[in-house]
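What follows is a single structure, written as structure tokens, with notes after it.
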Amino acid sequence: MACNGYTAHPLRLGDEASDSDTAPETPTSTETSTETSTETEPSAPDTAPDTGDSTHVDTTPEPLPRIVAVANLHGDLNAARQALTTAQVLDENDQWIGDDTIVVQLGDILDYGTEELALIDFLLSVRQAAQAAGGDVVLLWGNHEFMAVQGNFRYLTEANCAAYRDHPLLDTDQAPLADLSDPDCRMRGAALLPGGPVARLLATFPVALVLGDLVFVHGGILLAHLEQPLSAHNAEIAAWARGELFAPHDAVHDMLWDRTYSDNKVAALSDEVCDELQAVLDSIGARTMVVAHSRFEHINAACHGAVWRIDTGLASYFSGHMEVLEIDNGTFSVLYAP
């Protein structure tokens, strides 16, 4: 995937969360844009060393632009606006001011809230504006998108379905929809089942995204998930959502649901978990993983900064803190709503 002048390594683009909050292992910043981690490698020299070989090619990695990670939005259009203004990429008139910033939204845009379709339209319009300015907005799968395509509607409400009332006529007689009595919910279900129009849109989202030495995923990636490359997982979930594959590999499901690195019931992750995380990062060629899925009171890091957990329940359904994670020139900062 190319994002405006740099390459995100080849599509290496690839239980619902507990309400309990646990004190973060690593303190977060207390002010907008305050640096919270500066674990960066020494900067590369401006020019390649003189090897006496006139054909030497400088392989210094291209610097990443500023990146902002946003967690679960769950059908809440206002939360999306607040998150993007907090990220300093939108102004009060919803105009893009983020230049070449890349926003990574870590999934779970569906369920709970009542503005799913409006939220999707909004994010796609922001992406278009961002790309025109040299930036980007990348939307990832979450476990709630997976459940919807799978035909698991346990978090569905009639209020959530109302927006689909005027959706173009779809086949609402499919077997997975048999238990849905509300006609709007049957329409919503049909739009999201494999091959449906919203599912086909989700097919363009990756499960995991690698940008430079960063990897983003909704749940988490374990060594067991790397029996095939992340690009294969991304291709599988896309084919499934388009209706071309019966089901993706179990690892795809597991990466969206796993809480190994975002366990909010423990004060600190064990050495064994951190060792697993480091082995995964080494295998991918990354230094830091960013995850969502489990809610914490504040964005925080674990395993000495090898993983950042960014889900603070910012959607109104959860009434959490409005926070986003900024990664700029190797520095991780928590940005808070003014």
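Structure values in brief
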item	result
Derived scalar couplings ³J(HN,Hα) [the stretch 280-290; Karplus, 6.51 cos²θ - 1.76 cosθ + 1.60; whole Hz; x for Gly, Pro]	5, 4, 4, 5, 7, x, 10, 10, 9, 10, 10
Note, ³J(HN,Hα) from phi for the stretch 149-161, Karplus 6.51, -1.76, 1.60, rounded to Hz, x at Gly and Pro	5, 6, x, 9, 10, 5, 9, 7, 10, 4, 5, 5, 7
Cα-Cα separations in the stretch 134-266 greater than 23 Å, expressed as whole percent	38
Over 18 Å [Cα-Cα, the stretch 229-297], rounded percent	51
Ranked 116, 227, 244, 236, criterion: other C-beta atoms within 10 Å, fewest first	227, 244, 236, 116
Dipole moment magnitude, nearest 20 debye, the stretch 268-324 about Cα centre, only Lys, Arg, Asp, Glu C-beta charged	260
Global geometry of the stretch 270-314, whether rounded, prolate or oblate, following the gyration tensor of its Cα atoms and the 1.5 cut on a/c	prolate
Peptide ranges 261-274, 212-225 listed from the most packed, as the mean C-beta count within 10 angstrom indicates	212-225, 261-274
Using θ = phi - 60° and Karplus 6.51 cos²θ - 1.76 cosθ + 1.60, couplings along the stretch 298-313 (whole Hz; Gly, Pro as x)	9, 4, 7, 10, 9, 6, 6, x, 6, 9, 10, 10, 10, 7, 10, x
Shape category assigned to the stretch 68-127 from the gyration tensor of Cα positions, a/c cut at 1.5	prolate
The stretch 208-333, relative contact order in percent, only Cα pairs under 8 angstrom and at least six apart counted	23
Peptides ranked, highest mean first, by Cβ atoms within 10 Å: ranges 98-106, 147-155	98-106, 147-155
Proximal charge balance of residue 248 [Cβ under 12 Å; K/R count +1, D/E count -1]	-3
The stretch 152-263: relative contact order as a whole-number percent, Cα under 8 Å and 6+ apart	23
Cα gyration tensor category, rounded, prolate or oblate, for the stretch 110-196 with a/c compared to 1.5	prolate
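Rule-based calculations on the coordinates, nothing more; no lab input. Quick caveat, the model's predicted, so the values are computed rather than measured. Methodologically, a virtual Cβ is constructed for each residue, glycine included, from the backbone with ideal geometry; neighbour enumeration extends over all protein chains shown.
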